[in-house]
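Comments concern the structure below.
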Amino acid sequence: MSGQIKPSQANVLILIRKLHAINGRYIMQLKLPLQIKTMYKTEKTYITKDKKMLNLINENYSLLLCLQHFDIDFAVDNKTVETLCSENEIDPHTFIIIANLYNGFFPGENDITKIKDIKPVLSFLKNSHSFYIEDKYPELKYYLGKLKNNNSSKDFQMIEKFFVDYFEEVLEHLRYEDEIAFPYFYRLKEKDGVVDKKSFSAKEYRNHHTDIETKLTDLKNLFLQHLKIKSDLNIKRKFLNTLFGLEFDLKIHSIIEEKVLIPLIEKIEGK
Ligand SMILES: [Fe+2]
Ligand SMILES: [Fe+2]
């Protein structure tokens, strides 16, 4: 009978829903059938001061990029987050907020207002800019050049043009932050809020701040949907891997700028 689940099918079904009343609210509990086991942990750890960095990296290696943007070496020994931060003179509270974004946890408003110094945030963001300009952009250009050798299709030309235009926009965005916005934020910090506010403002930065991740997602999807070059699968996969990695890091980057940096700057300006 259609719509009815046989007992054998029930074993294959991934979700078994149960309703539980907790604190007066109903939540839906999702359970895997007994014979389906996960190969690895599917949820990431919420990072706290006492966690061992080695375990965190083994669980989520994208934290290496987080360490790199903070200028922390990857030889983490058996150190906790707190020790590592203290050795590298980084406020652990700031580190934990940012590192948790890499593990998928969004900070609360209270967490952000507890950040005392914007310098580590600015330095993290500036290092990310260098990483995009000096590492990711040339890498993508290199793979695209390799693909171009075997492709002269209209689809490829369209994607290449999209890529060139997109990165011109990204480079302009990063230049603007490096040369105008961030120097103002540093001056504001050094003079404890006393600078010529007419020269620039957090408000202007907020209004000028554009979304550079959505177009990257478009580029990735253009590639996935339209570019049929079976012979270059290896290069295509490497190009896509780089795009996925860049997309992930850029999303976190934008969250830091909009949800962490701007509120902190507005707080200093309001003094
Ligand atoms: Fe930025
Ligand atoms: Fe930005």
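Can you tell me which residue among I27, I36, I14, I22 is β-branched (V, I, T) and at pLDDT 50 or above?
Exactly one of I27, I36, I14, I22 is β-branched (V, I, T) and at pLDDT 50 or above, namely I36.
Is there a residue being in contact (Cβ under 8 Å) with a residue 12 or more places away in the chain and within 16 Å of ligand 2 (Cβ to nearest atom) anywhere in segment 70-80? First the steps, then the outcome.
Step one: of segment 70-80, the residues in contact (Cβ under 8 Å) with a residue 12 or more places away in the chain are 70-72, 74, 76-80.
Next, only the ones that are within 16 Å of ligand 2 (Cβ to nearest atom) stay: none.
Looking through segment 70-80, none of the residues is in contact (Cβ under 8 Å) with a residue 12 or more places away in the chain and within 16 Å of ligand 2 (Cβ to nearest atom).
Here are some residues: I180, I133. Which one is within 16 Å of ligand 2 (Cβ to nearest atom) and either more than 24 Å from E247 (Cβ to Cβ) or touching a Pro at 6+ places or on another chain (Cβ under 8 Å) (or both)?
I180
For segment 47-130, give me every one of the helices (runs of 4 or more DSSP H) that falls completely inside it and has 2 or more residues that are at pLDDT below 95 and away from ligand 1 (no atom under 16 Å from the Cβ).
Where helices (runs of 4 or more DSSP H) fall fully within segment 47-130 and carry at least 2 residues being at pLDDT below 95 and away from ligand 1 (no atom under 16 Å from the Cβ), they are 109-113.
Tally up the residues in segment 151-192 that are within 16 Å of ligand 1 (Cβ to nearest atom), within 22 Å of K136 (Cβ to Cβ) and in contact (Cβ under 8 Å) with a residue 24 or more places away in the chain, please.
12
Considering F163, F95, F124, which residue is more than 25 Å from L63 (Cα to Cα) and surrounded by 19 or more Cβ atoms within 10 Å (Cβ to Cβ)?
Going through F163, F95, F124 in turn, the sole match is F163.
Which one of the conditions (1) away from ligand 1 (no atom under 16 Å from the Cβ); (2) without any contact (Cβ under 8 Å) to a residue 12 or more places away in the chain does D135 fail to meet, given that it meets all the rest?
It fails just one condition, (1).
The values are calculated or read from the model by the stated rules, or taken from the named source; none is laboratory data. All values derive from a computational prediction rather than experimental measurement. Quick reminder, even Gly has a Cβ in these numbers, built from the backbone with ideal geometry, and neighbours come from all protein chains shown.
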